[in-house]
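What follows is one structure encoded as structure tokens, with my remarks underneath.
The values are calculated or read from the model by the stated rules, or taken from the named source; none is laboratory data. Quick caveat, the model's predicted, so the values are computed rather than measured. Cβ atoms come from the backbone with ideal geometry, glycine included; neighbour counts cover every protein chain shown.
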Amino acid sequence: MKRYHFLFCVFLLGIILCSCQTQTVESSNKNQQLEQKEKDEKDLKLSLQSSIGKEQCFICGNPAGGLLDYYYKFDSIGIIHWADRSVTDTRIREYDDVGNEKIDSGHMSTMVHSFGEEYGSIMTHSQPDRCIAESNIHLGEKDTIDCESLIDQLCQDCLDKVCEFYEDQINSDNDEYLESTGYCLIDFKTKELYTLSNPYRGYSIRDYMVRYDYREQGDGEKYIDLLIFYAPVRGEKR
């Protein structure tokens with residue numbers, strides 16, 4: 001009788017353990033599903049509608065008083081500051097006002113473009129004869145991009161791309177350099193835009209090599225350290 005009682009207890013214990021394991025697996029699955037749902041809900045996805053067409057677009061159109069028309073004559077890389085839509089030419093190659101390149105001019109230049117109180121600034125050192133440009137993009141508290149302010153400045157394609165730059169930074173779980181979204185690179189030749197935010201650190205843009213990283217000074221001021229050099233295939237004309 002005791003033997004049957006012992007076997008019954010073993011059988012009952014087995015059922016209890018199996019039930020506990022099933023509940024543990026179910027609980028683990030529920031936790032994983034909840035974590036994934038939270039992650040999906042956390043990922044930012046902007047859905048803004050542009051109010052203009054391509055012909056009025058700041059980047060790819062020809063709006064009245066458009067600033068980029070001047071720079072599109074140059075084969076160079078520029079920096080856009082979105083808060084005031086100003087454009088800085090890195091002057092990695094030197095041109096006259098009608099777009100003729102100056103070869104062996106012997107010029108070197110340092111340019112500083114400041115955007116006002118609580119905004120950042122750009123300091124660029126260029127050596128056109130060597131086709132090298134170095135920029136320090138200092139980040140201000142107000143530099144973080146406001147995508148909604150661009151719905152009447154960018155066509156839908158350009159707006160989506162700029163919003164994607166902001167989304168990538170937010171969804172990278174690193175908002176330490178969120179102000180970097182207020183800037184981007186532009187290839188004057190193709191009108192293509194390139195982010196200066198996470199998770200990227202460089203590009204090959206046609207014959208240009210671009211590398212950048214985030215830095216912080218001793219006083220806590222943050223900036224982007226940017227290096228661009230022109231490296232065409234040997235034997236080809238510049």
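Report yes if Ile122 is closer than 14 Å to Leu226 by Cα and either of a type in the set (A, V, I, L, M) or loosely packed, with under 13 Cβ neighbours inside 10 Å (or both), otherwise no. Taking the combined requirement at face value, the residue satisfies it. Only one entry in Asp104, Asp75, Asp97, Asp143 is modelled with pLDDT of 95 or more and more than 21 Å from the chain's Cα centre (by Cα), namely Asp75.
Among the candidates Ser180, Ser172, the residue that is among the small types (Gly, Ala, Ser) and more than 26 Å from Arg93 (Cα to Cα) is uniquely Ser172. Only one entry of Asp175, Asp187, Asp143 meets the criterion of being over 19 Å from Gly78 (Cα atoms) and either free of Cβ contacts under 8 Å to residues at least 12 places away in the same chain or charged (D, E, K, R) (or both), and that entry is Asp175. Do we have Val112 as hydrophobic (A, V, I, L, M, F, W, C) and within 19 Å of Tyr200 (Cβ to Cβ) here? Criteria not met by Val112. Across the stretch 49-88, the number of residues qualifying as within 15 Å of Tyr194 (Cβ to Cβ) and assigned to a strand (DSSP E or B) comes to 7. If you go through the stretch 190-229 and keep only what is touching a residue at least 24 places away in the same chain (Cβ under 8 Å) and among the aliphatic types (A, V, I, L, M), you end up with Leu193, Leu196, Ile205, Val210, Ile224, Leu226, Leu227, Ile228. The set of residues in the stretch 196-238 being surrounded by 12 or more Cβ atoms within 10 Å (Cβ to Cβ) and closer than 18 Å to Glu141 by Cα consists of Leu196, Ser197, Asn198, Tyr214, Arg215, Glu216, Glu221, Lys222, Tyr223, Ile224, Asp225.
Here Pro128 passes the criteria (1) under 17 Å from the mean Cα position of the chain (by Cα); (2) surrounded by 15 or more Cβ atoms within 10 Å (Cβ to Cβ) except the one numbered (1). Summed over the stretch 43-88, the residues that are without any contact (Cβ under 8 Å) to a residue 24 or more places away in the chain, closer than 28 Å to Leu178 by Cβ and of a type outside the set (A, V, I, L, M) give a count of 1. Residues in the stretch 188-226 that are farther than 18 Å from Gly120 by Cα and in a strand (DSSP E or B): 11 in all. Residues in the stretch 151-172: is at least one over 15 Å from the mean Cα position of the chain (by Cα), within 27 Å of Ser105 (Cβ to Cβ), part of a loop (DSSP other than H, G, I, E, B) and at pLDDT 95 or above? No: zero hits. Could you please let me know if Ile122 is among the hydrophobic types (A, V, I, L, M, F, W, C) and either farther than 26 Å from Glu221 by Cβ or not in a loop (DSSP other than H, G, I, E, B) (or both)? Taking the combined requirement at face value, the residue satisfies it.
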